Amino acid sequence: MKLSINLSLFILTLFMIDNKSLSLTDYEIKEICKKEKKSLTCMKKLQKKRMDIKQGDIIEIPVIPYKR
């Protein structure tokens with residue numbers, strides 16, 4: 001009984017996560033790149049990363065350390 005409940009919750013979670021898109025919209029990309037010096041290059045890079053995410057490829061995300 002417990003196994004069937006866990007399995008059904010796991011499958012339900014997979015379907016809920018699958019429907020959401022975590023990629024940026026064109027408007028968000030323009031707003032982010034508006035602040036950059038080379039905005040066209042920035043837009044191309046972000047659009048390429050968005051396509052890679054949609055295709056299921058792995059992308060690198062830089063981590064900026066927090067400074068107090």
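The values are calculated or read from the model by the stated rules, or taken from the named source; none is laboratory data. Just so it is clear, the model here is predicted, and its values are computed rather than measured. Here the Cβ positions follow ideal geometry from the backbone for every residue, glycine too, while neighbour counts run over all protein chains shown.
Brief remarks on what is shown
- Residue count for region 21-47, restricted to those that are basic (K, R) and surrounded by 12 or more Cβ atoms within 10 Å (Cβ to Cβ): 3.
- The lone exception for T13 - which of (1) β-branched (V, I, T); (2) at pLDDT below 80; (3) exposed (fewer than 10 other Cβ atoms within 10 Å of the Cβ) it fails: (3)
- Close pairs (9 angstrom Cβ cut-off, 6 or more residues apart or separate chains): surrounded by 10 or more Cβ atoms within 10 Å (Cβ to Cβ) in region 52-68, assigned to a loop (DSSP other than H, G, I, E, B) anywhere: D52/I58; D52/I59; I53/S21; I53/L22; I53/S23; I53/I59; K54/S21; K54/S23
- Qualifying positions in region 21-46 - of a type in the set (S, T, N, Q) and either within 14 Å of I61 (Cα to Cα) or outside any helix (DSSP H, G or I) (or both): S21, S23, T25
- Within region 32-43, residues that are at positive phi and free of Cβ contacts under 8 Å to residues at least 12 places away in the same chain reach no partner that is surrounded by 14 or more Cβ atoms within 10 Å (Cβ to Cβ) and of a type outside the set (D, E, K, R) with beta carbons closer than 8 Å at six or more positions or on different chains.
- Filter pass, K30 being touching a helix residue (DSSP H, G or I) at 6+ places or on another chain (Cβ under 8 Å) and modelled with pLDDT of 85 or more: yes
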